[in-house]
Amino acid sequence: MGEMSAKKNLRLRRVYEAPEPSDGARVLVDRLWPRGLSKADAQLTEWCKEVAPSSELRRWFHHEEPRFTEFAERYREELAQEAVQPALERLRERAAQGPLTLLTATKGVSVSHVNVLIEVLQEGL
């Protein structure tokens, strides 16, 4: 499978939306389990906490849009750490094999860590 199709395979959805067959692999990329969601309803392929922002960074950001640029820079630094690389590689392999839907409980998906994560994954494909 080519590099372009692997990039197209990556998508972002809220974990509370009903699963769709087109989701392919469904990976939750939040550090905390979503409130009020059962494991059965989530229909996850994997819960990949390692790629979520640190609790400290998440609390600092608090989904305040004016902080997003700085948040994205700090989060990229976290994603560059050695300990995170195996998880990123695993996600890239999933994207190379077919659709990969990254799931978050975040309401404001436009200023979500998942957008940064998708960029970082795409850069490595």
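Quick note: the coordinates plus some simple rules give every number you see, no bench work behind them. Note that the structure is a prediction, hence the values are computed from the model and not measured. Using ideal geometry, Cβ is built from the backbone for each residue, glycine included, and neighbour counts are taken over all protein chains shown.
Descriptive notes on the structure:
- Mean separation of Cα contacts under 8 Å (6+ apart) over length of region 3-123, as relative contact order %: 44
- Glu93 paired with Arg67, simple spin-label distance in nm, labels 7 Å along Cα-to-beta-carbon: 3.5
- Most to least packed among 17-23, 72-78 [average Cβ atoms within 10 Å]: 72-78, 17-23
- Peptides 83-89, 24-30, ordered by how many other C-beta atoms sit within 10 Å of their residues on average, highest first, read 24-30, 83-89.
- Debye-sum result for the chain in log10 I(q)/I(0), which assumes one identical scatterer on each alpha carbon, at q = 0.09, 0.15, 0.17 Å⁻¹: -0.23, -0.66, -0.85
- Radius 13 Å from Cβ of Glu77, net charge of other residues (Lys, Arg +1; Asp, Glu -1): -3
- Residue-averaged 222 nm ellipticity for the chain, from DSSP H runs of 4+ at -39500 (n - 2.57), nearest 500: -12000 deg cm²/dmol
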